[in-house]
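Report on one structure; see the data block that follows.
The values are calculated or read from the model by the stated rules, or taken from the named source; none is laboratory data. Not measured: the values here are computed from a predicted model. Ideal geometry is used to build each Cβ from the backbone, glycine not excepted, and the neighbour counts take in all protein chains shown. The area values use the complete protein model at the heavy-atom level, side chains included, leaving out ligands, DNA and RNA. Shrake-Rupley method; radii C 1.70, N 1.55, O 1.52, S 1.80 Å.
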Amino acid sequence: MKILIIFLQIFILYIFSFIGTVIHNFFHLVIPGSIIALILLFICLCLKIVPVKWIENGAGFLLSILMLFFIPTTVGIMNYPSLLSFQGALLVLAVLLSTIISIAIAGKVGQFFEKKAQKRKDDKECSKFSSHSA
Amino acid sequence: MQQILLAFCMILLTVVTYFVMTRIYKRYSYPYLTPVLTATAFIIMILLVFHIPYKSYMIGGQWISSLLGPSVVALAYPLYKQRHFIINHLFTILGGVLVGTISGMVSVGLLAKIFGINHTLILSIIPKSLTTPVAIEVARGLGGNASMAIVGVMIAGIFGVIAAPTIFKLMRIHSPIGRGIALGSTSHAIGTSKAAEYSELTFSMSSVTMALCAIIGSFIGPIVVWLFQI
């Protein structure tokens, strides 16, 4: 019974993904169809057009074995032996350096924003408190 | 008939390999034992040994790949579950996501350009900090190659997790929110599983950041390519 429910819910997600692809092709958008479908589903969930119950098991199941779905595409690197060349090494180096840079920047900026938001909240509470005492 | 049999065998090979590698990863949780990595290596070895070309493998493989679309859509579910968390930290999350996505894409694009890497390859690694299913689609949309995009994503994910603790120490990033944003926006799902080791807040922050980066990244990717003439 549970398998059937999961199956049906994946089918619902399929329909959304299909609608997203249709929108993508129809308007010639650069944004991938599945992302359009993601946003669409999120809006439908928030507006309660689609109850969470309709998709939660299927979505949970798909996300729990998500890694399986990109293995076939990854296997495709067997057609690119050039990855083991000098160019390939440079490519890896570029990704490594960029990862270090973006972790440092994102972490620092995130921390900065957090402190700022915290301060704003504190200020608000302070002013609330002072207006109370006044 | 033979084709159907081959397709079935390839699907079976992929699924079984995946579950065995997941088992191994659960027992020995080193980042470089990520199932995608080990399973891919194993399957490539099998294909090479039996002289099966990638095209024949994909007769079966495409059925598994076809579930990628619905799985990206499924990301709406965790995002919806954490909507209150997002609204509570809206300013911090959006700021962090924007800065993280832009810095990742611009830096890898410029570095690759300086190194003189060929055009298609650069386009493939631009979305390297997005979660894999989205990175595949974004790379295709930009004119890159999907397999290469995954290589970039995997390197960014695994190396990010290995390097993050040192970077946090050197840059004095102590806040759970800052750490979560850094891990989620550069190392996507692999980073998010690392974030779970820090704290609950770091984990939620990282998973929300990852999902939002996927959405925002697919908008920003084309803009970065256009702005920097990559």
Would you check which residues across the stretch B:57-83 are more than 9 Å from chain A (Cβ to nearest Cβ) and modelled with pLDDT under 90 and list them? B:82
Name the helices (runs of 4 or more DSSP H) wholly within the stretch B:32-96 that hold at least 1 residues that are under 25 Å from residue A:118 (Cβ atoms)? B:76-81, B:83-88
Restricting the search to the stretch B:47-78, which residues are in contact (Cβ under 8 Å) with a residue 60 or more places away in the chain and surrounded by fewer than 19 Cβ atoms within 10 Å (Cβ to Cβ)? B:78
Test of understanding: among B:195, B:182, which residue is hydrophobic (A, V, I, L, M, F, W, C), touching a Lys or Arg at 6+ places or on another chain (Cβ under 9 Å) and closer than 14 Å to residue B:213 by Cα? B:182
Could you list, in sequence order, the residues of the stretch B:130-165 that are closer than 14 Å to residue B:221 by Cβ and more than 7 Å from chain A (Cβ to nearest Cβ)? B:130, B:131, B:135, B:139, B:140, B:142, B:143, B:144, B:149, B:153
Do we find that residue B:44 is outside the structural domain of residue B:147 (by TED's automatic domain parsing), surrounded by fewer than 18 Cβ atoms within 10 Å (Cβ to Cβ) and more than 18 Å from residue B:5 (Cβ to Cβ) in this structure? yes
Tell me yes or no: at least one residue of the stretch A:63-76 is assigned by TED's automatic domain parsing to the domain that holds residue A:3 and touching a Cys at 6+ places or on another chain (Cβ under 9 Å). no
If only one of B:130, B:142, B:123 is more than 22 Å from residue A:113 (Cβ to Cβ), touching a residue at least 60 places away in the same chain (Cβ under 8 Å) and buried (at least 24 other Cβ atoms within 10 Å of the Cβ), which one is it? B:123
Filtered residue count, the stretch B:166-190, keeping only those that are more than 7 Å from chain A (Cβ to nearest Cβ), open to solvent by 10 Å² or more (accessible area, probe 1.4 Å) and more than 15 Å from residue B:30 (Cα to Cα): 6
Lone qualifier among B:107, B:124, B:129 - being within 13 Å of the chain's Cα centre (by Cα) and either part of a loop (DSSP other than H, G, I, E, B) or within 21 Å of residue A:105 (Cα to Cα) (or both): B:129
Condition met for residue B:32 (touching a residue at least 40 places away in the same chain (Cβ under 8 Å) and open to solvent by 70 Å² or more (accessible area, probe 1.4 Å)): yes
